[in-house]
Amino acid sequence: MKILPDHTRIVRATESSWQQHLKLAIRCPQQLAKRLDLPLDSLCPTQSTGSFPLFVPLPFLNRIRLGDPRDPLLQQVLPSPRENDRHPDYLQDPVGESGFQAAAGLLHKYAGRALIVMTGTCAIHCRYCFRRHFPYENSNTLADGWQAAVEYLGNDLSIHEVILSGGDPLTVVDAKLETLINSLESLPHVKRLRIHTRLPIVIPQRITPRLVALLASSRLTAVVVVHVNHPNEIDAEVAAAIGQLTRSSMLVLNQSVLLKGVNDDPVALVELSERLVEIGVLPYYLHQLDPVAGAAHFEVPVARGLELMQHLRRTLPGYMVPRYVREIPGELSKTILA
Ligand SMILES: *Cc1c(COP(=O)(O)O)cnc(C)c1O
Ligand code: SF4
C-alpha cells in the first residue's frame, strides 16, 4: 500500500506529517514480512527486540521491492542473526569517539570542526551504523538545550564549523532546532552549520517550509549532508525535498557506506552518483565500513573498494566520484583510500 498515490506525489511537509511517519514506522518483523510479501522464515523475529530494534518508516519501505529478500534497501534495515557473531576486530566504539567527548554531547576530534550529538533518535535503524552502541544516555543534551556544548563552542575560537549529528538531528522539532541555531549564531567565530541527516531521504516530508526558511535565513552557511547508499532510495518525493534545499542555495552533499549486498557493485555505484547529481546532490564520501560489533557481515574488503573506485573514476566525470575514506582512530582527519 502506498501512502500517497502516484498522482499526488507531492511532499506534504508539515511538522505533524513527518512526526506521524515516525509513529507509523514498522517495528515488527512479521508486519514487515507481510507488507513486502516475504516468507516469515526469511526474517529473524528474535532480533526485533533489544537496544537496536527494527525501525523502518513507510516512505522508505515503499521503495523496497516486493517479494525480494535480497533487495538492497531491505538489507540495510533487516536484522540478521549474523549480528550476534563475535568478531575480535569489531568493537562497540570502532572509531574511538569516547576519548573525544569535549563536553556533554560534543565531539571535538578534527581541527576547526566540532560535532554535536544532538539526540539518540533516528528515523530509520541502519544495521551497519557505527554509533549503534553509542552511549547516548551520557549525552543528555536535548533536555537542557545543548547548553554544555554551546558553552564549549563559545570558548574555543578555533571552531568555525558546527556539525549537527546524532542519532539524526532532524528528528528534533523545528522550534528546538531554531533555539540551538540561534545560540550558535551568537558565536561570532562560528561560520558554518553542517547537518548530517538521513531524514530528507527516509521521510522527505521532514523538509518543512519552516525548516528551509530557518536554514536559508541563518547567518551561518548551511551545508546538508544526506546519506544514500543505493540509487533505489531516491524517488520523486526525495527529489522534491532536496530541491527545496538546493533552490534555497544550500550545498547538499551525500555520504554512503560501502556495504556488501547493498552497493558493492559497479552498476549500483555509478547509478547512485548519476541519480544524486540529477537531484542536485554532490557525492562527498564513500566510507569503508567502521568495524562496529554486529556489522561484520557487511564488510567489503578494501581491495574490492579500490577496484570499484577505479571503475567509477574511469566511468564518471571527476566531480561525480566520491572520496573513498576510512576512519582510523587517533588520526587528525579521515584517511583517503582513493
Ligand atoms: C567525520 C567527522 C567530522 C567531519 O569530517 P569531515 O572530513 O570534515 O567531513 C567531524 N567530527 C567528527 C567527530 C567526525 O567523525
Ligand atoms: S540514520 Fe545514521 S545514525 Fe541513525 S542508524 Fe542510520 S546511520 Fe546510524
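The values are calculated or read from the model by the stated rules, or taken from the named source; none is laboratory data. These numbers come from a predicted model, not from an experiment. Reconstructed Cβ throughout: ideal geometry from the backbone, glycine too, with neighbour counts over all protein chains shown. Heavy atoms of the whole protein, side chains included, go into the accessibility calculation; ligands, DNA and RNA do not. Shrake-Rupley method; radii C 1.70, N 1.55, O 1.52, S 1.80 Å.
From the list Leu259, Leu306, Leu316, Leu251, the lone residue that is under 23 Å from Arg192 (Cα atoms) and either hydrophobic (A, V, I, L, M, F, W, C) or touching a Leu at 6+ places or on another chain (Cβ under 8 Å) (or both) is Leu251. Among residues belonging to region 161-194 that are open to solvent by less than 60 Å² (accessible area, probe 1.4 Å), assigned to a loop (DSSP other than H, G, I, E, B) and free of Cβ contacts under 8 Å to residues at least 60 places away in the same chain, point out the one that is farthest from Thr14 (Cα to Cα). Step by step, filter region 161-194, then rank; the result is His189.
Could you please find all residues in region 104-124 being of a type in the set (A, V, I, L, M, F, W, C), at pLDDT below 95 and open to solvent by 20 Å² or more (accessible area, probe 1.4 Å)? Ala104, the sole residue that qualifies. Among the residues of region 133-160, write down those that are in a helix (DSSP H, G or I) and either within 16 Å of ligand 1 (Cβ to nearest atom) or surrounded by fewer than 17 Cβ atoms within 10 Å (Cβ to Cβ) (or both). Correct list: Tyr136, Glu137, Asn138, Gln147, Ala149, Glu151, Tyr152, Leu153, Gly154, Asn155. Pick from region 89-103 the residues that are assigned to a strand (DSSP E or B) and within 11 Å of ligand 1 (Cβ to nearest atom): which of them is least open to solvent (accessible area, probe 1.4 Å)? Across region 89-103, the extreme among qualifying residues is Ala102. Evaluate the following for Phe130: is it within 16 Å of ligand 2 (Cβ to nearest atom), touching a strand residue (DSSP E or B) at 6+ places or on another chain (Cβ under 6 Å) and either in a loop (DSSP other than H, G, I, E, B) or of a type in the set (Phe, Trp, Tyr) (or both)? Yes. Of all residues in region 161-194, exactly one satisfies the criterion of being within 16 Å of ligand 1 (Cβ to nearest atom), in contact with a Gly (Cβ under 8 Å, 6 or more places away or on another chain) and farther than 29 Å from Gln20 by Cα, namely Glu161. Consider Gln30 carefully, then state whether it is more than 14 Å from ligand 2 (Cβ to nearest atom), open to solvent by 70 Å² or more (accessible area, probe 1.4 Å), more than 27 Å from Ile181 (Cα to Cα) and in contact with a helix residue (DSSP H, G or I) (Cβ under 7 Å, 6 or more places away or on another chain). Here the answer is yes, as Gln30 does meet what is asked.
The residue of region 195-223 that is surrounded by the fewest Cβ atoms within 10 Å (Cβ to Cβ), among those that are within 16 Å of ligand 1 (Cβ to nearest atom) and under 18 Å from Thr121 (Cα atoms), is His196.
Every residue, every condition in (1) in contact (Cβ under 8 Å) with a residue 24 or more places away in the chain; (2) open to solvent by less than 50 Å² (accessible area, probe 1.4 Å); (3) closer than 26 Å to Lys176 by Cβ, yes or no:
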| position | (1), (2), (3) |
| --- | --- |
| Pro57 | yes, yes, yes |
| Gln76 | yes, yes, no |
| Pro79 | yes, yes, no |
| His87 | yes, no, no |
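When region 322-338 is limited to residues that are in contact (Cβ under 8 Å) with a residue 60 or more places away in the chain and within 22 Å of Leu276 (Cα to Cα), the one that is farthest from ligand 2 (Cβ to nearest atom) turns out to be Tyr324. Answer with yes or no whether Lys23 is under 30 Å from Ile159 (Cα atoms) and modelled with pLDDT of 95 or more. No: the conditions fail for Lys23.
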